[in-house]
Amino acid sequence: MANDASAVFDTLSPAVSKGSPADPFTPPADSSLWRKNFLLGAATASYQIEGAVNEDGRLPSIWDTFSAIPGKVLAGDTGAVACDHYHRWEADVEMLASLGLEGYRLSIAWPRVMDAAGAPNRKGIDFYKRLLNRLKEKGITTFVTLYHWDLPQHLEDRGGWLNRDTAYRFADYADLMSCELAGTVDAWTTLNEPWCSAYLGYGNGHHAPGLANDRFATQAMHHLLLAHGLAVPVLRANDPASQKGIVANIGRGTADSDSAADQRAAHLFEVQHNAWILDPLLKGSYPQDLFELWPGTEPLVLDGDMETISAPLDFLGINYYFRTNVASDGAHGFRDVPLEGVERTQMGWEVYPDGLRDLLIGFKETYHNLPPIYITENGMASDDEVTDGRVEDTQRISFLKRHLAAVDQAIKAGVDIRGYFLWSLMDNFEWAFGYERRFGVVHVDYSTQKRTIKRSAELVEKFLQERKAKA
Ligand code: IFM
């Protein structure tokens, strides 16, 4: 692309490149972010922040089980306490509102709201009712994810996402939640990042439940997408006023050389990361190239499944973090070739805003029925520390600004993008990396649960105030 987001950032914000504290965040005057209907919010997920895993009838989830196995999570961390949000939710909502954030994306813990027989757990449901009602009182737009990876363990014991029945249990859960919470949810998302649930959970075992088999991954993906497809009409029937969508993490793959083999490898990378999810949702079929990469792994698909999965969506949530440079592995696949001398985050992920823009524009070209898009997660981890009561998260400020510039460029290229959620509102349990990796715009001291607003959050707040003043 001629239009390089990093270059735009450097020209428009020389103060940032030079490390000046002036105002390294506020977008340029012509940015679409100034539109007052461009939603700016923050996101979290139940297992990553709630804690209280044994309270009020919550059942164990696959992440309770997985994180208890030595060696699965860095430093043996678990989500048992996390940010103690289950008890501190009122103060956390005050904090969110005080930052002027307009949207909040949260997830419901399935094992908190239903017992093993599928009956409602009133105490768990009431927690989310109180939380969502308070968010509504504060005028905050609510995006609620039904599944952000905390599958009830009793369902995993019966095969989890390898068992087709789990998709039907998910539709029952969606039915219960949308009956109970209708009117407090602006947008429902069925699943967060099915790629992670299927591939990291069943394909390489880095996430719960920790199974490692490509055939498992494709079957788990099919049942996850089926669960989504079964839930959408249920949500539509019970809560017609809300929007319904799904959230996909997307990855940019670039080729290490101009060779046809490396170009093909980059294509296969994006098939595995993006088309595997987006094709069934938006075209009603799996990309055949996936099965070149993983021969013999075609999932069992029953008549009517693909129609169920590809029913129209009101929006598509996109989570983007980094790109991967790849080369041919000499056979049918790709291998990572990490680039040297590029900017990286605490996760080791390359900072590459152009990838977000290019993928979004590419999706618009590939999928003629692409629904409106929300960037439901974007952000970075850094080794943030509180010094004299402050957290100067300079790299994050620059990261956010550059990625928002990439979003603006995609909008200007014609992609219908309606909002952006920071990942994350606060530091939290980063899955296999435990508490070491800090993604929040608010710092959490896990020994005291003290929250400290980072500089990035202050600057987002300042921008939102300016935007409000102009409206
Ligand atoms: O923390 C996760 C989140 O749960 C899902 N998307 C990616 C984030 C950062 O790894």
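Any read-out appearing in this document is the output of simple, stated calculations on the displayed coordinates, not a laboratory observation. All values derive from a computational prediction rather than experimental measurement. All Cβ positions, even for glycine, are placed from backbone atoms using ideal geometry, and neighbour counts span all protein chains on display.
Of note:
- The chain: projected area of the alpha-carbon convex hull, averaged over directions, in nm²: 21.2 nm²
- Cβ crowding within 10 Å ranks 436, 193 as 436, 193, fewest other Cβ atoms first.
- Given 138/454; 36/470; 129/462; 283/364; 138/468, the pairs whose alpha carbons are separated by over 19 Å: 138/454; 129/462
- Residue order, fewest to most surrounding Cβ atoms within 10 angstrom, among 347, 426: 347, 426
- Net length available on complete extension from residue 285 to residue 119 is 56.3 nm, with 0.36 nm assigned per residue and the Cα-Cα distance removed.
- Summing Lys and Arg as +1 and Asp and Glu as -1 over all other residues whose Cβ lies under 13 Å from the Cβ of residue 232 gives a net charge of -2.
- Eligible aspartates and glutamates near residue 412 by straight Cα distance, threshold 16 Å, same-chain separation 8 or greater: 4, 30, 354, 358, 365
- Modelled spin labels at residue 342 and residue 445, positioned 7 Å past Cα toward Cβ, are 3.7 nm from each other.
- Approximate spin-label separation residue 23-residue 297, in nm, with each point projected 7 Å along Cα-to-Cβ: 4.8 nm
- Screening the chain for whole DSSP H helices with an alpha carbon extent of at least 30 angstrom along the helix axis and a mean Kyte-Doolittle hydropathy of at least -0.5 yields 214-238.
- Across every direction, the projection of the convex hull enclosing the Cα atoms of region 241-335 has a mean area of 7.2 nm².
- Full extension of the chain between residue 458 and residue 215 gives 82.9 nm of extra length, using 0.36 nm per residue less the Cα-Cα distance.
- In this structure, the amide hydrogen of residue 442, modeled 1.01 Å from its nitrogen in the peptide plane, lies closer than 5 angstrom to those of 426, 427, 454, counting only residues at least 5 positions away or on a different chain.
- C-alpha center-to-center spacing [region 263-312, region 157-185] in angstrom: 23 Å
- Residues within the reach of a label modelled at residue 259 (point 7 angstrom out along Cα to beta-carbon, backbone nitrogen below 19 Å), restricted to region 325-349, are 325-340.
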